Amino acid sequence: MASGIQKYTVVESNNLALGQAGLDVLATDANEAGTWVAIKALGGDIPIDAVTVSNGDPLTSFTISQGDIIYGTFTNIEVGTVPAAARCLAYRG
C-alpha cells in the first residue's frame, strides 16, 4: 500500500468520501483525537479552535460555514462553542 497522499486506493477513497467508515458528532468544547477524513458543519456555523493535519500545517481559529465540508487527514479536532441547533460531523477515515 502507498503512503502519504496516495495512502488509499480508488475504492477506499470513494468509500471514505461516502462516509462508509462512520462518523463522530463532536460536542461543544470537544478536544478529540482520532483519524478523520472530513469535517462537516450541519445546522449552523461551527467554530473550530484547532485541527491537527497529518499531511500539512495545523489549522487554528476558523469557522466552517453551515453545509461546508473540509477534507484532509485530521488527527485531532478542537471544537469551540457550537450553536444549539448545529452539529459538527467528523467522518472517520
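The values are calculated or read from the model by the stated rules, or taken from the named source; none is laboratory data. Note that the structure is a prediction, hence the values are computed from the model and not measured. Positions of Cβ are backbone-derived with ideal geometry, glycine not excepted, and every protein chain shown enters the neighbour counts. Each accessible area value is taken on the protein alone, full model and side chains, heavy atoms only, with ligands, DNA and RNA left out. Shrake-Rupley method; radii C 1.70, N 1.55, O 1.52, S 1.80 Å.
Only one entry in D68, D24 is out of contact with any His (no Cβ under 9 Å at 6 or more places or on another chain), open to solvent by less than 50 Å² (accessible area, probe 1.4 Å), at pLDDT 90 or above and charged (D, E, K, R), namely D24.
In the stretch 45-62, the qualifying residues are those that are in contact with a Leu (Cβ under 9 Å, 6 or more places away or on another chain) and in contact (Cβ under 8 Å) with a residue 24 or more places away in the chain, and the one that is most open to solvent (accessible area, probe 1.4 Å) is T52. Return yes when V25 is within 27 Å of E12 (Cβ to Cβ), in a strand (DSSP E or B) and in contact (Cβ under 8 Å) with a residue 60 or more places away in the chain and no when it is not. Yes. Restricting the stretch 76-93 to residues that are over 13 Å from D24 (Cβ atoms) and open to solvent by 30 Å² or more (accessible area, probe 1.4 Å), the residue that is modelled with the highest pLDDT is E78.
Residues in the stretch 25-68 that are charged (D, E, K, R) and out of contact with any Asp or Glu (no Cβ under 8 Å at 6 or more places or on another chain) were compared, and the one that is farthest from Y91 (Cα to Cα) is D57. Quick check on the stretch 35-44: of everything there that is under 12 Å from the mean Cα position of the chain (by Cα) and open to solvent by less than 30 Å² (accessible area, probe 1.4 Å), which residue is farthest from F74 (Cα to Cα)? Step by step, filter the stretch 35-44, then rank; the result is A41.
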